[in-house]
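Okay, so here's the structure we're looking at.
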Amino acid sequence: MADIKDIDPQNIPRHVAIIMDGNGRWARKKALNRIRGHEEGARSVKEIVTTSREIGISYLTLYAFSEENWGRPRTEIQALMRLLKRYLKQELSEMLDNGIRLNTIGFINKLPNDVRKTLSDVMDKTSRNSDMVLTLALSYGGRQELTDAVKRIAKRVESGDLKAEEITEDIISGFLHTYDMPDPDLLIRTSGEFRISNFLLWQIAYTEIYITPTLWPDFRKSEFLDAILEYQKRERRFGLTGEQVKGVQK
Ligand code: IPE
Ligand code: IPE
Ligand code: MG
């Protein structure tokens, strides 16, 4: 079990993104309603946000609701929206006390009005905080984000503001919902599924991936620190050779 003192403060991932999965299975294992799994998952969110701030992560991005999740039963969607609103209201003072700025990615205009209002209220109130950016991916889909970006870039080309030859990776990144964030250094997925589920497709080109069988409601501080420790053991090569990365001339 990892402890905070095992973590190398010189090698903290700047941006950690998490696919919080397994709430339903957690509830089923306990013969509870799926909603109870989401409620317990909200407790994990609190703990992971606090720990992230404690160890000095600058950007924490949580996949809370995908574009595809709109296909779930209406009662489950309603419960998730209710929980989100409750979480935001409860956590505002914690965010203010800890210098956390709330941000969102995804097609937020699809969310119910009351949730949007609470989100914009918390974003306004935390907008001057600069110690950590907490981004909630809500109604988010990587393909939809890229499709939207391509449309907006094409409009620029159509209007003559941009030439097709001028399109660079940086320009594309700048049209994504994550335009003001660095790419994730570490992507964590709980519940043991080996898939990306339409999360941050463009942004994870060279992200380190960590998958744990632990279900999200059971993913707490020590498990999170395990993931950070594992990240710290990785050698990120970005296509170069190990010798090049270590600075050995060959
Ligand atoms: C993750 O848990 C929460 C959301 C996707 C909103 P799930 O609800 O997907 O839980 P499982 O995968 O069914 O166990
Ligand atoms: C991914 O989980 C989305 C979120 C965690 C919000 P899902 O449960 O929706 O993913 P799949 O369906 O197992 O791929
Ligand atoms: Mg799931």
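Derivation of every value follows stated rules applied to the coordinates shown; laboratory data play no part. The model shown is predicted, which means the values in this text are computed figures rather than measured ones. Neighbour counts run over all protein chains shown; Cβ positions are idealised from the backbone, glycine included.
Dividing the Cα radius of gyration of the stretch 1-75 by 2.2 N^0.38 Å, with N the residue count, gives 1.35. Under a model in which nothing but the beta-carbon of Lys, Arg (+1) and Asp, Glu (-1) is charged, the stretch 205-250 shows a dipole of about 240 debye around its Cα centre.
Computed on the stretch 99-219, the Cα convex hull volume stands at 147 Å³ per residue. When the Gaussian network model of the chain links Cα atoms closer than 10 Å, the mean-square fluctuations of Thr168, Thr207, Thr190 top out at Thr168. Between Leu225, Ala154, Ile172, the Cα set farthest toward the positive side of the dipole of the stretch 151-250 (charges on each charged residue's Cβ, about the Cα centre) is that of Leu225.
State the volume of the convex hull built on the alpha-carbon positions of the chain, expressed per residue in Å³ and rounded to an integer.
Taking only Cα atoms, the chain has a hull volume of 154 Å³ per residue.
Taking the chain as a Gaussian network, where each spring joins two C-alpha atoms under 10 Å apart, which residue of Glu165, Glu145, Glu223 fluctuates the most? Sorting by GNM fluctuation, first place goes to Glu165. Rounded to the nearest 20, the Cβ-based charge dipole of the chain about its Cα centre (Lys and Arg +1, Asp and Glu -1) stands at 880 debye. Comparing Arg195, Arg143, Arg36 in a Gaussian network model of the chain (Cα springs below 10 Å), the most mobile by mean-square fluctuation is Arg195. When the charge dipole of the chain is built from unit charges on Cβ atoms (+1 for Lys and Arg, -1 for Asp and Glu) and taken about the Cα centre, the candidate among Gly247, Ala64, Phe199 whose Cα reaches farthest toward its positive end is Ala64.
By the scheme Lys and Arg +1, Asp and Glu -1, what is the net charge of all other residues having a beta-carbon under 12 Å from that of Ala154?
On the way: positive: Lys151, Arg152, Lys155, Arg156; negative: Asp148, Glu158, Asp161.
Every neighbour counted, the sum reads +1.
Note on the chain: helix-only mean residue ellipticity at 222 nm, from DSSP H runs of 4+ residues weighted -39500 (n - 2.57) and normalised by residue number, equals -13500 deg cm²/dmol. Sequentially through the stretch 41-52, phi angles give Karplus couplings (6.51, -1.76, 1.60; θ = phi - 60°) of x, 4, 5, 4, 4, 4, 5, 6, 4, 4, 5, 4 Hz, Gly and Pro residues having no value and appearing as x.
Within the same chain, lysines fewer than 8 places from Lys151 are excluded, and of the rest, those with a Cα less than 28 Å from its Cα are Lys110, Lys117, Lys163. Taking Cα centre as origin and charging only the Cβ of basic (Lys, Arg, +1) and acidic (Asp, Glu, -1) residues, the dipole magnitude of the stretch 1-83 rounds to 480 debye.
Over all distinct Cα pairs, what is the inverse of the mean 1/r for the stretch 59-125, reported as the Kirkwood hydrodynamic radius in Å?
Working: mean 1/r = 0.0781 Å⁻¹.
12.8 Å is the Kirkwood radius here.
Between Leu111, Ile48, Ser130, the Cα set farthest toward the positive side of the dipole of the chain (charges on each charged residue's Cβ, about the Cα centre) is that of Leu111. Here's the list of aspartates and glutamates a cross-link from Lys89 could span, going by alpha-carbon distance under 18 Å and ignoring same-chain residues fewer than 8 apart: Glu39, Glu40, Glu47, Asp97, Asp114, Asp121, Asp124.
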